[in-house]
Every structure is written in C-alpha cells, then in structure tokens.
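**Student:** First, the structure itself, so that you have it in front of you.
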C-alpha cells in the first residue's frame, strides 16, 4: 500500500512532463482555430476525454518505465557490457531492440493507421483480421530490423568499425531499393525510421551503447555510444520496403 | 462511457501482448543468464502494471483526440470555403495553401523546442564542445530543422511530388556536410533526428499528412499521406550539422583575430 502511495506521489512529475508534450500542440491549435480558421472543432467533448486519456496514459507509461523497466534494462546493459560472453551480449542486443520496438506506442498507432489506409485503398482486405495482419507485419518488420541494427551497432562498437561507412551504405541501400518497392509502401517505410526511435527504445538502447563504449578501453562514450540510434533508424526503412515487396509487390 | 470502458479493456488485452517480448527478455536475462533475483519485486510489478495501463490509455486517447484533431485541422485548412473567397474559382495551386505551411511550421517548431530529451542532449553537447556549441543554439537548430522539414513535407503532399527525390537530395546534403563538420558533433547530429519526434508528435504528423492527402484534390492517402515523420527526422540532422559548422567557423575567425591582435 505504501509503495502505491509513493508511486502516486511520483506521478506528479511525469504528469507535468506529459502536459509539457501536449501544451505546444494545444496552443498552436487554439491560436489557429480562433484567429485563422474561426471554426468550431467538431465533437469537442469526446476529444477532451481523449486528451485526458493521452495525458494520464503518457504519465503512467513514463513513470512505470522509469520505476520498473529502465532500472532492470540499464542494470542488464551494464552487466553484459562489462563482463560475460560476447554471445549473450549479442543475443541480449537483438532481443532488446526487438522487444522495445514491439512495445513502442507511436509505432503501434502508426501501423494501425497504415493498415486502415491500405484497406481503404483495397490493397489488403478490409476486415479486421486482414488489417491486424498487415499492421502486425509492419511492426514485426520494423522490430526485426531494429534488433539487427542494434546487433550491428554492438559489433561496430566491439570491433571499432567506423560509423560513417555503415551509415553511407545504409543510405545507398535505401536509395537503390526505393525504385523497386511498391509506391504505396515508400511513405510508411521512410516514416518507420523516425517512429522506432522513441520513448522506450532510446533510453534502453542508449544505456547499452554508452555502457559498452565506456567499458572498452580507448573508446569515447559520446562518439561510440550514440551510433546505435542512427543505425536503428536506417534499417527499418529497408525492412519495411522488403515487407511491402512481399505483401503488395 | 460503457463504450469507452470496453474500448479500454480491449486495448489493454492487446497491450499485454505488445509488452510481452520486452518484459520476457529482461526477466529471462535477469533470472536465467545473470541469475540474480530482482530486489523490490513488488515495486517492479506495480511499475509494469502502470506501463500496461498507461500504454492502453494513451492508445485509446490517440484514437479519440490526436488522430481526429490532426485530421480536422487538415480538413479545415484545405477546405475550399476557407481557401477561396465567395465567387472565386478554386485553382488548388500549391501557393493557395499558405496557412497549411504556417501551421506545419508552428507545430514542428513548438513541439520540438521544449522537448525534454532535446534539452538533455543540448546540454551534453555544450559540455563536450567546451562551450563552442551553445545549448540554446543547438535547440534552436533542431527546432528549426523539424519546422522546416515538416513544412517542406507538407509542400510535398500538396504538390504531389515524389518523396524519394526529396530524401535523396537530403541524404546527399547530409553526407557532404558529414565530411566537413567537426567530428565530435556527427553522432549527436544523427541522434537529434531520432530524439525529436516525440510519442505525441508522431501520431499528430501522421494524421495531418493523411488528412491533407485525403482532402487535397488529386492526392491519395496511401501514396502521399505518409512521409512527414521522415522529413521531421532528416532535416534536424542538416540544421545541427550546419550549426556546428557555423560554430567551428566562428571559432576559427575569433582565433585568427586573437593571433592578429
């Protein structure tokens, strides 16, 4: 009971954080509605309930992450970065990338939206099962690619491969693949890169990178630790285009 | 109210599936590989419940507020009755959508400049550069990058031009900059693209893009609707690299003056 009270007390800070995320959006929209558009927003009541859900949901989510998942994840990241076998470290890297991406809120939302749009354009069946299959397929492609990206990133830190070459080859691969990918998948594929690196993936993956770089002699945690996120936003584009070729091509 | 509760309950069950891989991974490595019991297990279980409930409420709220809001704004800003005076013949040229660009710029800038993750990165950058990069300058560079990116992204949707072309050009510019920019700033620049697009901004941008693509004549949501998030991720890399190049140049100038003076 006591710990619940403590948790509730700790909720105030993430609640303010969530409010700070929402406030700029609300201000811009209120300014546009009153000064430029001068039109009412339809269904305002339901929207208010929705905003409240976003606010409380985001606060609970962040507070829960900080009190449960992040401490375990950071502790494990440091433990595997400092000692232990390379094989366990690599397996941990892959599963961490995969697991955090599947749980990423923005990706869940965007994948569902992409499925609705694809169904409306009759690219896939319009029943719930077909849409869910498409959305899950998108998310799995992104999650597998992030797992692989973290694996490559960890190997890069261990072996000292230079980051720019990896990024340039990633870019070239994306550019050469795009003309062959179905046009309907390109937008969502390019967006996937930005969506994956968000609330839950970044802190855990950054902890792994910085822990790893600081445990190896002669490495700069700032220079070597950061590249993981950059790779994790490149590979999803490749994999989502490949998924598009498979399903829509 | 009952519909809302059913919705929450339904989403909650899916959320448990979404969280299973990461929770399973962490517990497996903690108990099987590392063989260390977790201290404060009750605290952790409460935390996990909060994660699941929070994710559920967030997703339900997105569906009820953020998605409809982005869509409504896109519809109202592209409504012919708003764009053209009574009696004027709608031309649907790209310059008619002036307020769309202003809205895109405002949303991009305002959601980024106060982003906590960005503030933390900016302070770190000021630290490692020994003050050559100011935290405020870096935040402005990232926020301008997102704002310009989203604006150009909206122009792309309005004009129906190919996303590929824009991204190729953006990548070439980034690569050329990478060759010239101070080495220490490169990883930070690439990261700034990822950290800026927050969990609330991403769905709003998606809804805005899809809304624009479905109301502007001749555009299709499935071909033109996505892509705004890509713009919001690539452009900050450019502006941060440009800013660090500018700072390095400024430093060289003042060093030169010191030597001469």
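**Student:** As an exercise, use a Förster radius of 41 Å and the Cβ-Cβ distance of residue A:161 and residue B:173 to find the FRET efficiency, rounded to the nearest 0.05.
**Tutor:** Taking R0 as 41 Å, the efficiency between residue A:161 and residue B:173 is 0.95.
**Student:** How far apart, in nanometres, would the label points at residue A:33 and residue A:132 be if each is projected 7 angstrom from Cα along the Cα-to-Cβ direction?
**Tutor:** 3.4 nm
**Student:** With a ≥ b ≥ c taken as the square roots of the eigenvalues of the C-alpha gyration tensor of chain B, please select rounded if a/c is under 1.5 and otherwise prolate if a/b is larger than b/c or oblate if it is not?
**Tutor:** Because a/c hits 1.5 or more and a/b fails to exceed b/c, chain B counts as oblate.
**Student:** Can you tell me how the stretch A:22-102 classifies by the Cα gyration tensor, rounded, prolate or oblate, using a/c under 1.5 as the rounded cut?
**Tutor:** In terms of gyration-tensor shape, prolate.
**Student:** Can you give me the orientation-averaged projected area of the convex hull built on the Cα atoms of the stretch B:90-182, in nm²?
**Tutor:** If you wrap the Cα atoms of the stretch B:90-182 in a convex hull and average its projections, you get 7.1 nm².
**Student:** Note the direction-averaged projected area, equal to a quarter of the hull surface, for the Cα convex hull of chain A, in nm².
**Tutor:** 17.6 nm²
**Student:** Rounded to the nearest 500, what is the protein assembly as shown's calculated 222 nm mean residue ellipticity when only DSSP H runs of at least 4 contribute -39500 (n - 2.57) each, over all residues?
**Tutor:** Helices in the protein assembly as shown give a 222 nm mean residue ellipticity of -26000 deg cm²/dmol.
**Student:** Moving on to the next point. Work out, step by step, the length gained on full extension between residue B:127 and residue B:256: first 0.36 nm times the residue separation, then minus their alpha carbon distance; give nm to one decimal.
**Tutor:** 44.1 nm
**Student:** Also, quick follow-up: For the pair residue A:86 and residue B:85, how long in nm is the line joining their label points, each one 7 Å along Cα→Cβ?
**Tutor:** 7.3 nm
**Student:** Any idea what Rg and Dmax come out to for the stretch A:87-218 if you just take the C-alpha atoms, in Å?
**Tutor:** For the stretch A:87-218, the Cα radius of gyration and maximum Cα-Cα distance read 16.7, 56 Å.
**Student:** Please average, across the residues of A:193-203, the number of beta carbons from any other chain that are within 10 Å of each residue's own beta carbon, and give a whole number.
**Tutor:** 6
**Student:** A follow-up question, please. So if the hydrodynamic radius of the protein assembly as shown is defined as the Kirkwood radius over C-alpha pairs, what does Stokes-Einstein give as its diffusion coefficient at 10 °C and 1.306 mPa s, in µm² per second?
**Tutor:** Once the numbers are plugged in, D ends up at 68 µm²/s.
**Student:** Also, quick follow-up: Could you give the length gained by full extension between residue B:120 and residue B:5, i.e. 0.36 nm per residue of separation minus their alpha carbon distance, to one decimal place?
**Tutor:** Extending this stretch completely gives an extra 37.7 nm.
**Student:** Within 10 Å of each Cβ in B:41-50, how many Cβ atoms from other chains are there, averaged over the peptide?
**Tutor:** Mean partner shielding for this stretch: 6.
**Student:** Further question: Ignore the peptide's own chain and count Cβ atoms of other chains within 10 Å of each Cβ in B:96-106; give me the average, rounded.
**Tutor:** Taking the mean over all residues of the peptide, I get 2.
**Student:** At 0.36 nm per residue, minus the direct Cα-Cα distance, what do residue B:20 and residue B:136 gain on full extension? Give it in nm, one decimal, please.
**Tutor:** That works out to 37.8 nm of additional length.
**Student:** Does the stretch B:143-210 come out rounded, prolate or oblate, given a ≥ b ≥ c as the square roots of the eigenvalues of its C-alpha gyration tensor, rounded meaning a/c under 1.5 and, failing that, prolate meaning a/b above b/c?
**Tutor:** oblate
**Student:** Would you report the distance distribution of C-alpha pairs in the stretch B:1-64 as whole percents per 5 angstrom bin, up to the bin with the largest distance?
**Tutor:** 4, 16, 22, 20, 14, 10, 7, 5, 2, 0
Every read-out reported here was derived from the displayed coordinates using simple, explicitly stated rules and does not represent laboratory data. Here the structure is a predicted model, which means the values were calculated and not measured. FYI the Cβ positions are ideal-geometry reconstructions off the backbone, even for glycines, and counts take in every protein chain you see.
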